């Protein structure tokens with residue numbers, strides 16, 4: 001996906017993480033409290049919408065990703081165990 005540089009996407013992974021801080025450096029991010037959704041404004045005609053799903057904000061990136069052979073080796077639980085609860089939440 002051109003907007004975020006090279007990244008790995010796997011439709012079999014439990015999560016594909018995008019940093020809000022890194023994204024905010026390049027794009028406007030709008031939070032809609034009424035529907036609990038973050039929108040990353042890529043252009044006047046393109047926005048990515050992240051909706052709350054069990055405490056994680058998710059976006060269907062499958063239509064934006066270039067598919068190549070990718071294998072996910074870790075899970076959300078494995079990744080979050082490396083950080084304090086304050087950092088993760």
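Each reported figure results from applying straightforward, stated rules to the coordinates on display, with no laboratory input. Values in this document were obtained by computation on a predicted structure and should not be read as measured data. A quick note on method: Cβ atoms are made from the backbone with ideal geometry, for glycine too, and the neighbour counts reach across all protein chains shown.
Please rank 18, 56, fewest neighbouring Cβ atoms within 10 Å first, as an exposure proxy.
56, 18
Test of understanding: ordering 30, 35, 42 by Cβ neighbours within 10 Å, fewest first, what list do you get?
Exposure proxy ranking, most exposed first: 35, 30, 42.
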